[in-house]
Amino acid sequence: MLFKSRQAVSQLAAALADNDNAVLEGRSLWQDARRRFFHNKAAVVSLFIIGLIILFALGGSQFAQYSYEEIDWLALSDPVSLGRPSIETGHYFGTDKLGRDLYARTVQGSQISLLVGILSSLVAILIGTLYGAASGFIGGRVDSFMMRIVEILSAMPFMFFVIMLMVMFGRQIILIFVAIGAVSWLDMARIVRGQTLSLKNKEFIEAANACGVSQWRILVRHIVPNVLGIVLVYASLMIPGMIVFESFISFLGLGVQEPQTSWGALINEGVATMEIALWQLLFPLTFLVVTLFCFNFVGDGLRDALDPKER
Amino acid sequence: MLSFIIKRALEAIPTMLVLTFVSFMLMYLAPGSPFLTEKGMPPEVLANINAKYNLDKPLLEQYIIYLGNLLQGDFGPSFRYLDFSINDLLWPGLVVSATIGMWALLFAVISGIAMGMMAALNRNKTTDYSIMTIAMLGIVLPTFVMAPLLVLLFSIKLRWLPAGGWNDGAAQYLVLPVIAVTTHLVAQIARITRGSLIEVLNSNFIRTAQAKGLPFRYIIFKHAFKPMMLPVVSYLGPVFVGVLTGSVVIDVYFGTGGIGQHFVNGAINRDYSMVMGVTVLLGVMYIFFNAVTDIVYAFIDPKIRY
C-alpha cells in the first residue's frame, strides 16, 4: 500500500516535471475500480470461468447427442456399464437413473439455475435499492415507518413466504423466483439506507439542492449512482445465494417440474444413487460448486476494488 | 439500560401483532384446505369439521380466537394430525433443533474466531491462505451438499457413524448433523473475524498500545479483542435464531425430527395452526434475539450508550 502510493507520488512528480504533460488526467472512481479489479487474478479467472459456464448453458446443447428428456433404453438396460460416462455412447456425463443423458440434463439444469439466480437477484436488488434509498433520503417519520415494515417482514420466516408462493404459483419456477426476489430485498434495503443516510449530508448533495435540482432527480442521479458500488458487490454475492436457494428448494423436491431440471434437482437425484453411480452426483455438484466459488471470488474482487478504504 | 430493555420489549408488541396477522391472512388466502382429500367428503361432514375448528366463522373472529388462545400459550390443535395439539408436536421438535443448533454454534464461535485470528495475525502467509481456502470451501458448499457427502464418507464408506435418526440425542447421532450445520458458520465467522481484526490492528489506538511497549498478547486480548468482536456479534444476532430453530435440510436428510420438518410438512398439508405456530415461535425468537444483540452491542461497543 505504502509502496504503491510512493510510486504514485513519484509518477506524479515526474509528470509535473515534464512540462508537456503538465495537465494530468483525472481518474474516475469506476476507472480506478476497474484497474484494481483486473489486477486481482483470482477474480479475473473466476469471471472468465463464469463466462464459460454461461456459454455452456447457452450453447452446450449443440454438442449433446440426446435431448434432455429422451430415455436411452440401451444405456438403461445395460447392466455392465450402468450408463457410465463414455465418449463412444455419446453420454459424456453418463446417464441418470432413468437412462436420460446427463450431459443434456446438466446443460438444461445450468440454464434454469443461472436464469433463476440472476433474475431473482435483479428483482431483489432493484426493489431493495430504491426502497432503501427512498427511506434514507426522505428520512424522519416516513423513514422509521418504512424501516419498521422491513423489520416485520424480516421477522417472518423466509421459508413461510417461499412455501406460500409455491402454493400460489404452483410449479412455475421462474415466477416463483421472481416472487422470491420480491421478498428478499430486505438486507439490500438496509444497506442502501445506511449508505444514503451518510451520503445525504455530503456537500455535493447540498450543492445540488442549492442549484434547485428536484428531489427525485437528486435521488436518481446523485444518491443511487453513489451507492451502486455496494449494490454491485452485494449483487455478486446474492446471485450465488439465489442459485443455492433454488437448489435447496429443488433438493426438497419442491422446485422445478420434470422433465426440466436444475443443479439442485440433479444433485438430489445424484444423492439417491451416490453409492453405485457417483458420477450422477459429481457432475452437477462440480458445476454448482465451481460456479459458487467463482461468484464468491468475483464478489471479493469487486469489494476490494470498490472499497474506498483500499485506495 | 433497564429503560432501553423495556422500550425494546414494548416495541416488539405491535410488530408481533402485525406478524401474526399477516401470516394468518396469507395462510388463509392460499388456495386449498387441510380437509380436502382426493376422495372428497360429504358437505355435511365438511361443515361439521369446519365448525369444530372454527373455520366457519368470519376471518377476523378466527384471528381473534387464535390470538386469545395464543396468549394462554395454546397454539391450538393440529389440523392434520388428529389428537395432537401443536404444543405436542412443536416442543419436542424445538428441543431437537436447539440441541443441534447449540452445539453447532458453540463449535462455530470457538473455532471460527480462532481460525480468523490466526489468519489475520499471519496475514498473507501460508497459514492465512490455507485457512481462507478452507473457509471459502465452507461457504461455497451448501448444507444439502455437505450432508450427503458426510454420510457418504462417514456412514457408508467408513461406517463410523449412523446415517440418520435421533435416538434421543445420543452423541454419535449428533455428530454428522452438527458438522453439517457448523461448517458454513465456522467459515463465515472466520472470514468476518479476519477482516475485522486486520482493520482493528491498523487503527490508531493499537499503534499507541504498541508504542507504549505493551506485550503483543496483551494488545490482542485486551485492546483488539472487543472491537474485533463487533461485526461477529452483529452477524451472529440474526443467524442465532436460524441456527437454533434448525435447518430444514438437516431435518429432512438426517430424519432428526426437528422443527424445520414440521414447518415444511405443515405448509404442504395446509396445517394452518402448525404453520402459524412455527411462524409465531420463530418471530418471537427473532425479535428477542435482535434485542439481545443490541444489548450485547451496548456492552462491548463503548461508542453506544443508551
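The values are calculated or read from the model by the stated rules, or taken from the named source; none is laboratory data. All of these numbers come straight from a predicted model, not from anything done at the bench. With ideal geometry, Cβ positions are generated from the backbone for all residues, glycine too; neighbour counts draw on all protein chains shown. What goes into the accessible areas is simple: the full protein's heavy atoms, side chains included, and nothing from ligands, DNA or RNA. Shrake-Rupley method; radii C 1.70, N 1.55, O 1.52, S 1.80 Å.
The helices (runs of 4 or more DSSP H) found wholly in segment B:172-291 and carrying at least 3 residues that are surrounded by 23 or more Cβ atoms within 10 Å (Cβ to Cβ), within 14 Å of chain A (Cβ to nearest Cβ) and touching a Gly at 6+ places or on another chain (Cβ under 9 Å) occupy B:248-254, B:259-268. Note on segment B:134-171: residues that are open to solvent by 40 Å² or more (accessible area, probe 1.4 Å) and of a type in the set (Gly, Ala, Ser) total 2.
Only one of these is at negative phi, modelled with pLDDT under 90 and under 23 Å from the mean Cα position of the chain (by Cα): B:TRP160, B:TRP166. Name it. The conditions single out B:TRP166. Restricting attention to segment B:117-146, the residues that are within 14 Å of chain A (Cβ to nearest Cβ) and in a loop (DSSP other than H, G, I, E, B) total 4.
Could we say that A:ALA207 is away from chain B (no Cβ under 14 Å) and in contact with a Lys or Arg (Cβ under 7 Å, 6 or more places away or on another chain) here? No. For segment B:34-42, the count of residues that are at pLDDT below 75 and open to solvent by less than 40 Å² (accessible area, probe 1.4 Å) is at least one. For A:ILE267, the conditions (1) within 14 Å of chain B (Cβ to nearest Cβ); (2) without any contact (Cβ under 8 Å) to a residue 60 or more places away in the chain; (3) open to solvent by 10 Å² or more (accessible area, probe 1.4 Å) all hold with the exception of (3). On inspection, A:LEU288 does not qualify as more than 9 Å from chain B (Cβ to nearest Cβ), more than 24 Å from B:ILE268 (Cβ to Cβ) and within 22 Å of the chain's Cα centre (by Cα). Only one entry of B:LEU90, B:LEU94, B:LEU149 meets the criterion of being within 14 Å of chain A (Cβ to nearest Cβ) and closer than 28 Å to A:PHE287 by Cα, and that entry is B:LEU149. Counting only helices (runs of 4 or more DSSP H) that sit completely within segment A:1-73, those holding 1 or more residues that are at pLDDT 70 or above correspond to A:29-39, A:41-59. Only one entry of B:ILE295, B:ILE300 meets the criterion of being in contact with a Lys or Arg (Cβ under 6 Å, 6 or more places away or on another chain) and more than 14 Å from every other protein chain (Cβ to nearest Cβ), and that entry is B:ILE300. Can you tell me which residues in segment B:96-108 are over 13 Å from the mean Cα position of the chain (by Cα) and under 19 Å from B:VAL280 (Cβ atoms)? Listed by number, the list is empty, since nothing qualifies. Note on segment A:134-186: enclosed helices (runs of 4 or more DSSP H) holding 2 or more residues that are of a type in the set (Gly, Ala, Ser), within 24 Å of the chain's Cα centre (by Cα) and more than 13 Å from chain B (Cβ to nearest Cβ) are A:173-183.
Within segment A:273-285, residues that are more than 7 Å from chain B (Cβ to nearest Cβ) and surrounded by 20 or more Cβ atoms within 10 Å (Cβ to Cβ) sit with their Cβ atoms under 7 Å from residues that are aliphatic (A, V, I, L, M) and assigned to a helix (DSSP H, G or I), at 6+ positions apart or across chains, in these pairs: A:GLN280/A:LEU102; A:LEU281/A:ILE267; A:LEU281/A:VAL271; A:PHE283/A:LEU102; A:PRO284/A:LEU266; A:PRO284/A:ILE267.
Tallying residues that are more than 20 Å from A:GLN257 (Cα to Cα) and open to solvent by less than 50 Å² (accessible area, probe 1.4 Å) within segment A:154-200 yields 16. If you go through segment A:116-153 and pick out every residue that is within 22 Å of A:ILE223 (Cα to Cα) and open to solvent by less than 50 Å² (accessible area, probe 1.4 Å), you end up with 18.
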